[in-house]
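> Take this structure, written in structure tokens, and hold onto it; I'll ask about it next.
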Amino acid sequence: MSPPRIVVFDLDGTLVDTAPDLIAALNYVLDREGLPPVPLKSARNMIGAGARKLIERGLELEGRETATRDMDRLMKDFVAYYADHIADASRPFEGLETALDDLEAQGFRFAVCTNKLEWLSKRLLDQLGLSARFAAICGADTFGVSKPDPAILRETVARAGGHISAAIMVGDAGTDIGVARRAGVPVIGVTFGYTDVPIAELKPDRLVCHMQELPEAVEALVRPPKSILTN
């Protein structure tokens, strides 16, 4: 019996437009430090490497460096605020649920592999009514490693009941392309996420500009080559 086919999604900038709430939490922390807020538009591409890196980038804009002890305090403040406001303005990207419906009808199973903390990821997806759609929701703290370490992707697929040989990764940034390449998994890049390097330059196997394009992109990666079909 062949393993179930698994589509593994990044979360921030891939499944959900979380930038408004993440940047609001960053600005809450910056305000407590007496620093000016970061504009949402210019800060979107600061997202993607986890909360600690987001705070570091916010501080760097003002030429500030922070000791580890202070960073731990800022992280605690950030997470506490963000957890209480996690879905104030965050919403799934347009067309997501229809794309999932189409793929589910084709027999695909879904999982989330993110560098966000697992409990925050689950809280977000719970509040958006999406958690039940995923066989596994795994974060940077789930297995003690984060993307692009391939172990997090392999373990996420296993937790979802699949095998890495029957998995596809979908993401918006270099960490997603990197984890897929290291795990030997095909990868689809989305152009509407958060990255300081255009996703097309990272050369994913397929590129989608809207979630409505996702089922076709997935099908193209699992369809046997024409040479096999004609032999």
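The values are calculated or read from the model by the stated rules, or taken from the named source; none is laboratory data. None of the values given here were measured: they were computed from a predicted structure. Glycine also receives a Cβ, built like all others from the backbone with ideal geometry; neighbour counts cover every protein chain displayed. Calculation scope for accessible area: heavy atoms of the full protein, side chains included, ligands and nucleic acids excluded. Shrake-Rupley method; radii C 1.70, N 1.55, O 1.52, S 1.80 Å.
> Here are some residues: SER165, SER131, SER146. Which one is more than 30 Å from LYS41 (Cβ to Cβ) and surrounded by fewer than 22 Cβ atoms within 10 Å (Cβ to Cβ)?
Step by step, each of SER165, SER131, SER146 is checked, and only SER165 is more than 30 Å from LYS41 (Cβ to Cβ) and surrounded by fewer than 22 Cβ atoms within 10 Å (Cβ to Cβ).
> Also, quick follow-up: Only one residue in ILE47, ILE55, ILE152, ILE86 is farther than 22 Å from ILE164 by Cα, among the hydrophobic types (A, V, I, L, M, F, W, C) and at pLDDT 95 or above. Which one?
Selected residue: ILE86, the only one of ILE47, ILE55, ILE152, ILE86 that is farther than 22 Å from ILE164 by Cα, among the hydrophobic types (A, V, I, L, M, F, W, C) and at pLDDT 95 or above.
> Also: Can GLY171 be described as in contact with a Ser or Thr (Cβ under 9 Å, 6 or more places away or on another chain), under 16 Å from THR14 (Cβ atoms) and in contact (Cβ under 8 Å) with a residue 40 or more places away in the chain?
Judged against the criteria, GLY171 is a match.
> Can you tell me which residue within region 92-111, out of those that are open to solvent by less than 80 Å² (accessible area, probe 1.4 Å) and in a strand (DSSP E or B), is farthest from ALA173 (Cα to Cα)?
PHE110
> Which residue is modelled with the lowest pLDDT, if the candidates are limited to region 62-83 and must be over 18 Å from VAL16 (Cβ atoms), of a type in the set (A, V, I, L, M, F, W, C) and open to solvent by 20 Å² or more (accessible area, probe 1.4 Å)?
Filtering region 62-83 for residues that are over 18 Å from VAL16 (Cβ atoms), of a type in the set (A, V, I, L, M, F, W, C) and open to solvent by 20 Å² or more (accessible area, probe 1.4 Å), the one modelled with the lowest pLDDT comes out as ALA67.
> Something else now. Starting from region 14-25, take each residue that is without any contact (Cβ under 8 Å) to a residue 40 or more places away in the chain and list its partners that are among the aliphatic types (A, V, I, L, M) and open to solvent by 10 Å² or more (accessible area, probe 1.4 Å), counting only C-beta distances under 6 angstrom and pairs at least six apart or across chains.
Partner pairs satisfying both residue conditions: ILE23/LEU40.
> Another question, then. Can you name the condition, by its number, that GLY144 falls short on among (1) free of Cβ contacts under 8 Å to residues at least 40 places away in the same chain; (2) at negative phi?
Of (1) free of Cβ contacts under 8 Å to residues at least 40 places away in the same chain; (2) at negative phi, only one is false for GLY144: (2).
> State all residues of region 107-146 that are in contact with a Gly (Cβ under 8 Å, 6 or more places away or on another chain), among the basic types (Lys, Arg) and modelled with pLDDT of 95 or more; if no residue qualifies, say none.
Within region 107-146, just ARG109 meets the criteria.
> A follow-up question, please. Would you say LEU125 is open to solvent by 10 Å² or more (accessible area, probe 1.4 Å), among the aliphatic types (A, V, I, L, M) and at negative phi?
no
> Output the residues belonging to region 126-139 that are in contact (Cβ under 8 Å) with a residue 24 or more places away in the chain, out of contact with any Lys or Arg (no Cβ under 7 Å at 6 or more places or on another chain) and not aromatic (Phe, Trp, Tyr).
Within region 126-139, GLN127, LEU128, LEU130, ARG133 qualify.
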